[in-house]
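Only one structure is covered here, and it is reproduced in the block below.
The values are calculated or read from the model by the stated rules, or taken from the named source; none is laboratory data. In this text, all values refer to a predicted model and were calculated from it rather than measured experimentally. Ideal geometry is used to build each Cβ from the backbone, glycine not excepted, and the neighbour counts take in all protein chains shown.
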Amino acid sequence: MPEKTNDKTIFSLLEVTQSIQKTLSERYKSAFWVKAEMNKLNFYGQSGHCYPELVEKQDGKVIAQIKSHLWKDDYIRANNNFKVVLKEPLKDGIKILFLAKVSFDPGHGLALWILDIDPSYTLGDLEREKQEAISRLQEEGIFNRNKTVKLPLLPQRIAIISVETSKGYVDFLKVIETNSWNYAFFHLLFPSLLQGDKAVEAICHQLRRIKRIKSHFDVVAIIRGGGGDIGLSCYNNYQLAKEIALFPIPVITGIGHATNETVTEMVSFSNAITPTKLAEFLLQHFHNFSIPLQDGERIIIDTSHQLIRDAKSKLHSELKLFRSVTENILTANRNEVRELLKSVFHHTRSQISQFKLLVLQWKDKLFAHASLQCKQTQMELKNIDKNIINMSPQVVLKRGYSITRLNGEAIKDTHTIRSGDTVSTTLFEGNIISVVQSTNQSAKE
Amino acid sequence: MSDKIGYTEAFEELQQIVSEIEQGEISVDELSEKVKRAAQLIKVCKAKLTATEEDVNKILKELDASETDDNEG
């Protein structure tokens, strides 16, 4: 009861707070739905209770805030609902719609007593944030940037962002290291948290480290797995997605069985979904290189052999043709030569017989001509002989002619003769010596 | 003939030779030269498939150096 001193009524603090408690409990009898941002969850592991910090912001400024409590059993139920619907636990910095009662306790003051939290409201809010991240990346024109980076033919050197203890990491290594084709990979682990709010900064940090030594790597693989499906909303974070979109070498993701593709997976060069699939994606690139290589080798060997076989058989048939053609030509020529030889023999023989005949004929003609000539010449000679005989001085002298000589010279005219010259006249038989009395120059009769 | 040909170039050149051979664009006269070249290219490519030259220690040293630079800057 309040004390009365002079004109004052004085209440104890308990009386006042109990009065407030009474008034409030009368005024706020039923529970009601409230939307607010849960700045901090403030989960206490020992008690299992939570004391969330609830705020409302406008333009980034806190315009309302109140303490709250979420008792252990309510927390476990709400948290399970969240995991089912959102694939996320209750955590700091999310917007929630909750059923609450106004609670006032003289010892702890005013608070909202959270009875239940509707996960679908938060889901919508997270989805909206995701969509905002997508549209922001698209507006900036970098949404598909990492997909346009060139992946080497053999993505051989892998910078892995994961944790050593992750089952996904182990699975991934098992596939690439025990591949039966002996494909060689080089990989280096850049350890990072892979889920929850702190994963964003941790992954970004490792990405920045890899960027410094990017010349040693063909590809970055973000690998998560075995950790359940809770806590993946960090992969919808704009900063992380932007870091990946703008990364200078391809980033491939295998972050597990998320129901919906996260923004990080959307902007990455390729999303293999699971770590094993991611390893297979890399192996596939090796196959894409190795198989044409083997095929090429086989084609080159086979085709070269075929080419040589073809050339050989072509050469053989050419040779055969050549031989047969030349043999034909030789035979034809040989026959022709033989025929020509035959005809040359034949012709010469007949020519020779003809000539022989002609020679014989000419011989006869020659003989005939020659003997005729001889006879004629003999006749002529006889005539000449006769004439000569006729012309001989003895014959002439016999016929009565005589030769008169002066000094042994036959006298043909009178010019050389002088009267008194002694001349000698030769007759057929005997000589006359006479002295010239006179001469006269008589003309020839 | 360069020994330093990258595997990507080697792969592309090999594909070129294979397609020439497949199309029958290579005569018997050129064959020997082409096959010899192809064998070299295949060797380069096969070596790449089964070996890498990266060295973890070297990379970590380089990473440390770059991070030290940044911290000092």
| query | Is one or more of the residues making up region A:123-146 over 30 Å from A:GLU177 (Cβ atoms), touching a strand residue (DSSP E or B) at 6+ places or on another chain (Cβ under 6 Å) and among the aromatic types (Phe, Trp, Tyr)? | reply | no
| field | Filter result for the condition that a residue is of a type in the set (Asp, Glu) and either closer than 20 Å to A:ASP197 by Cα or touching a helix residue (DSSP H, G or I) at 6+ places or on another chain (Cβ under 6 Å) (or both), over A:GLU88, A:GLU15 | value | A:GLU88
| query | When both residues are 6+ apart or on different chains and their Cβ atoms are under 9 Å apart, which pairs have a first residue that lies in region A:169-182 and is within 14 Å of chain B (Cβ to nearest Cβ) and buried (at least 16 other Cβ atoms within 10 Å of the Cβ), and a second that is in a loop (DSSP other than H, G, I, E, B) and hydroxyl-bearing (Ser, Thr, Tyr)? | reply | A:ILE176/A:TYR183
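Checking the conditions here, which among B:LYS43, B:LYS34 is surrounded by fewer than 12 Cβ atoms within 10 Å (Cβ to Cβ) and assigned to a helix (DSSP H, G or I)? Talk me through it step by step, then tell me what you get.
On the way: B:LYS34 fails: surrounded by fewer than 12 Cβ atoms within 10 Å (Cβ to Cβ).
B:LYS43 is the lone residue from the list that is surrounded by fewer than 12 Cβ atoms within 10 Å (Cβ to Cβ) and assigned to a helix (DSSP H, G or I).
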| task | Using the structure shown, decide if A:PRO191 is at pLDDT below 95, surrounded by 15 or more Cβ atoms within 10 Å (Cβ to Cβ) and within 14 Å of chain B (Cβ to nearest Cβ). | result | no
| Residue identified as surrounded by 13 or more Cβ atoms within 10 Å (Cβ to Cβ), among the small types (Gly, Ala, Ser) and over 29 Å from A:PHE269 (Cβ atoms) among A:ALA64, A:ALA111, A:ALA133 | A:ALA111
| query | Within the group B:GLU22, B:GLU13, which residue is more than 8 Å from every other protein chain (Cβ to nearest Cβ) and not hydroxyl-bearing (Ser, Thr, Tyr)? | reply | B:GLU13
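Within the group A:ILE210, A:ILE203, which residue is out of contact with any Lys or Arg (no Cβ under 9 Å at 6 or more places or on another chain), within 14 Å of chain B (Cβ to nearest Cβ) and in a helix (DSSP H, G or I)? Show your work before the answer.
Details: A:ILE203 fails: within 14 Å of chain B (Cβ to nearest Cβ).
Residue meeting the stated conditions: A:ILE210.
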| query | When both residues are 6+ apart or on different chains and their Cβ atoms are under 6 Å apart, which pairs have a first residue that lies in region A:84-110 and is free of Cβ contacts under 8 Å to residues at least 60 places away in the same chain, and a second that is surrounded by 16 or more Cβ atoms within 10 Å (Cβ to Cβ) and part of a loop (DSSP other than H, G, I, E, B)? | reply | A:LEU90/A:LEU41
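So which of A:LEU319, A:LEU282 ends up being away from chain B (no Cβ under 12 Å), surrounded by 10 or more Cβ atoms within 10 Å (Cβ to Cβ) and under 30 Å from B:LYS48 (Cα atoms)?
Step by step, each of A:LEU319, A:LEU282 is checked, and only A:LEU282 is away from chain B (no Cβ under 12 Å), surrounded by 10 or more Cβ atoms within 10 Å (Cβ to Cβ) and under 30 Å from B:LYS48 (Cα atoms).
Does B:GLU22 meet the test of being without any contact (Cβ under 8 Å) to a residue 60 or more places away in the chain and under 21 Å from the mean Cα position of the chain (by Cα)?
Values: without any contact (Cβ under 8 Å) to a residue 60 or more places away in the chain: yes; under 21 Å from the mean Cα position of the chain (by Cα): no.
Criteria not met by B:GLU22.
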